Amino acid sequence: MEGGIKLGGSYRFTGIFGDPVEHSLSPAMHNAAYAALGMERAYLPFHVTPPRLRAALHAIPALGLIGVNLTVPHKERALRMMAHLSDEARTLGAINCVVNRDGVLHGDNTDARGLEADLREAGLDLAGKVAVIIGAGGGAAAALLACIRLGASTIAISNRTVARAQRLRRRFARYAPDSTAITAHGLDRLLGSGLLSSAALVVNATSIGFTAGEFLPLEYTATPGDCLFYDLIYAREPTPFLKPGIALGRRTLDGAGMLANQGALAFALFNKVPPPLGLMRTTLMSALGRA
Ligand code: NDP
């Protein structure tokens, strides 16, 4: 859509509901894909506050929107407002995609598959290995499902509120094979070397790190030299969680690749065509000033 917006009467729309939404890079990613594929479609950001979520969702069929992504703070509440849910959405207890199928709203969630795809692209072999997930919210649930699917032998959840980590462990125990143990801890376990000394992957799934400053106390030096540090948060600069890992020479990735992959999966759900993942990823990286 760059170089002049020409939206004709035949155009159809997708978009994202969030509060705030102006920071979202999804419109750039999806619109670049539409332009490259020559589709008469556009992706719009909608600032939807929590009290207006229900009305905004009702407007999807009324306006003929093809579908929308959901971001903070709507992912969990919107689940209860769907006519149908995918198994993945039920498992995660949250949705990040709403697809309008003949006026009926279907909720789905592409976060776990997006992270799994990014970790596979990074060449991570987690089979039979240990993963540590910091946090116990919706992002942590997606990370937990991705680690289960990647075959981790132990997945340790460390969270400020231990009861929340324990709830997450109980919820996902049924999805894990016998060969995968899920454990729940407080943040203090990030200081002893026990948990970290055999970690192949450490994921930050807390919301700490949008702003500059220090991450939580974590014994980076206890991790093996080939441990991958993955931050679900993405930014122009290395995040506070990743900085000490970079300084130690560890492999680090932020959540930009997860965002690109979950966006590509959503594009396929909305438009029923194969998504141009490479283009969506490079568009995102250039929007982050990292191309
Ligand atoms: P939630 O609000 O559900 O969970 C936040 C988590 O952060 C909780 O575990 C909370 O602990 C923890 N936390 C927050 N502040 C602190 C603090 N000061 N000290 C210790 N722990 C803290 O958020 P989400 O799970 O939805 O999202 C987490 C992050 O993942 C966000 O930054 C989000 O943007 C990112 N994300 C990225 C995606 C991508 O595509 N790259 C997709 C999905 C999420 P407690 O339980 O104790 O409150």
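The values are calculated or read from the model by the stated rules, or taken from the named source; none is laboratory data. Remember, it's a predicted structure, so these values are computed and weren't measured experimentally. Cβ placement follows ideal geometry from the backbone for every residue including glycine, while neighbour counts extend to all protein chains displayed.
State the number of residues belonging to region 246-268 that are surrounded by 23 or more Cβ atoms within 10 Å (Cβ to Cβ) and among the small types (Gly, Ala, Ser).
Summing the residues that are surrounded by 23 or more Cβ atoms within 10 Å (Cβ to Cβ) and among the small types (Gly, Ala, Ser) in region 246-268 gives 5.
Which pairs turn up if I take residues in region 231-242 that are farther than 21 Å from GLU219 by Cβ and look for partners that are near the ligand (Cβ under 9 Å from one of its atoms) and modelled with pLDDT of 95 or more with beta carbon separation below 7 Å, at least 6 apart in sequence or on another chain?
Here the result reads TYR234/ASP254; TYR234/GLY255; TYR234/ALA256; TYR234/LEU259; ALA235/ASP254, each pair linking region 231-242 to a residue that is near the ligand (Cβ under 9 Å from one of its atoms) and modelled with pLDDT of 95 or more.
One line per residue, one yes/no per condition, for (1) crowded, with 22+ Cβ neighbours inside 10 Å; (2) within 16 Å of the ligand (Cβ to nearest atom):
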| site | (1), (2) |
| --- | --- |
| PHE17 | yes, yes |
| ASN31 | no, no |
| PRO50 | no, yes |
| LYS75 | yes, yes |
| MET82 | no, no |
| ARG101 | no, no |
| ALA112 | yes, yes |
| ALA117 | no, yes |
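Could you list, in sequence order, all residues of region 107-138 that are modelled with pLDDT of 95 or more, in a helix (DSSP H, G or I) and under 28 Å from VAL162 (Cβ atoms)?
Within region 107-138, ASP111, ALA112, GLY114, LEU115, GLU116, LEU119 qualify.
Can we say ARG169 is in a loop (DSSP other than H, G, I, E, B), of a type outside the set (Phe, Trp, Tyr), within 16 Å of the ligand (Cβ to nearest atom) and surrounded by fewer than 23 Cβ atoms within 10 Å (Cβ to Cβ)? Write out each step before concluding.
Details: in a loop (DSSP other than H, G, I, E, B): no; of a type outside the set (Phe, Trp, Tyr): yes; within 16 Å of the ligand (Cβ to nearest atom): yes; surrounded by fewer than 23 Cβ atoms within 10 Å (Cβ to Cβ): yes.
It is false that ARG169 is in a loop (DSSP other than H, G, I, E, B), of a type outside the set (Phe, Trp, Tyr), within 16 Å of the ligand (Cβ to nearest atom) and surrounded by fewer than 23 Cβ atoms within 10 Å (Cβ to Cβ).
Please indicate, with yes or no, whether at least one residue in region 219-240 is more than 19 Å from the chain's Cα centre (by Cα), within 16 Å of the ligand (Cβ to nearest atom), among the aromatic types (Phe, Trp, Tyr) and more than 19 Å from GLY138 (Cα to Cα).
The answer is no; no qualifying residue exists.
Can you pull out the residues in region 86-110 that are touching a residue at least 24 places away in the same chain (Cβ under 8 Å) and of a type in the set (Lys, Arg)?
None - no residue of region 86-110 is touching a residue at least 24 places away in the same chain (Cβ under 8 Å) and of a type in the set (Lys, Arg), so the list stays empty.
Which condition from (1) farther than 25 Å from LEU92 by Cα; (2) touching a strand residue (DSSP E or B) at 6+ places or on another chain (Cβ under 9 Å); (3) touching a residue at least 40 places away in the same chain (Cβ under 8 Å) is the one that VAL72 breaks?
Only one criterion in (1) farther than 25 Å from LEU92 by Cα; (2) touching a strand residue (DSSP E or B) at 6+ places or on another chain (Cβ under 9 Å); (3) touching a residue at least 40 places away in the same chain (Cβ under 8 Å) is unmet by VAL72, namely (1).
Tell me, yes or no, whether region 196-213 has at least one residue that is without any contact (Cβ under 8 Å) to a residue 60 or more places away in the chain and in contact with a helix residue (DSSP H, G or I) (Cβ under 9 Å, 6 or more places away or on another chain). Step through it out loud before you land on a result.
First pass over region 196-213, keeping only residues without any contact (Cβ under 8 Å) to a residue 60 or more places away in the chain: 197, 208-213.
Pick out the ones that are also in contact with a helix residue (DSSP H, G or I) (Cβ under 9 Å, 6 or more places away or on another chain) and you get 197.
Within region 196-213, one or more residues are without any contact (Cβ under 8 Å) to a residue 60 or more places away in the chain and in contact with a helix residue (DSSP H, G or I) (Cβ under 9 Å, 6 or more places away or on another chain).
If ILE66 satisfies all but one of (1) of a type in the set (A, V, I, L, M); (2) closer than 30 Å to THR154 by Cβ; (3) not assigned by TED's automatic domain parsing to the domain that holds ALA156, what's the number of the condition it fails?
(2)
Being of a type outside the set (Gly, Ala, Ser), more than 9 Å from the ligand (Cβ to nearest atom) and over 20 Å from the mean Cα position of the chain (by Cα) is the filter here, so list the residues in region 133-166 that pass it.
If the condition is that a residue be of a type outside the set (Gly, Ala, Ser), more than 9 Å from the ligand (Cβ to nearest atom) and over 20 Å from the mean Cα position of the chain (by Cα), then THR154, GLN166 are the ones that fit.
Are any of the residues in region 138-148 touching a residue at least 12 places away in the same chain (Cβ under 8 Å) and either hydroxyl-bearing (Ser, Thr, Tyr) or on the phi > 0 side of the Ramachandran plot (or both)?
The answer is no; no qualifying residue exists.
Output the residue which, of all residues in region 183-218 that are within 14 Å of the ligand (Cβ to nearest atom) and among the hydroxyl-bearing types (Ser, Thr, Tyr), is surrounded by the fewest Cβ atoms within 10 Å (Cβ to Cβ).
Taking region 183-218 as the starting set, the residues that turn out to be within 14 Å of the ligand (Cβ to nearest atom) are 184-191, 203-211, 213-218.
With the extra rule that they be among the hydroxyl-bearing types (Ser, Thr, Tyr), the set shrinks to 206-207, 211.
Values: THR206: 23, SER207: 12, THR211: 8.
The residue in question is THR211.
Do we find a residue being outside the structural domain of ALA146 (by TED's automatic domain parsing), buried (at least 23 other Cβ atoms within 10 Å of the Cβ), part of a helix (DSSP H, G or I) and in contact with a strand residue (DSSP E or B) (Cβ under 9 Å, 6 or more places away or on another chain) anywhere in region 269-289?
Scanning region 269-289 turns up at least one residue that is outside the structural domain of ALA146 (by TED's automatic domain parsing), buried (at least 23 other Cβ atoms within 10 Å of the Cβ), part of a helix (DSSP H, G or I) and in contact with a strand residue (DSSP E or B) (Cβ under 9 Å, 6 or more places away or on another chain).
Go through region 28-68 and count every residue that is outside any strand (DSSP E or B) and under 19 Å from the mean Cα position of the chain (by Cα).
The qualifying residues number 3.
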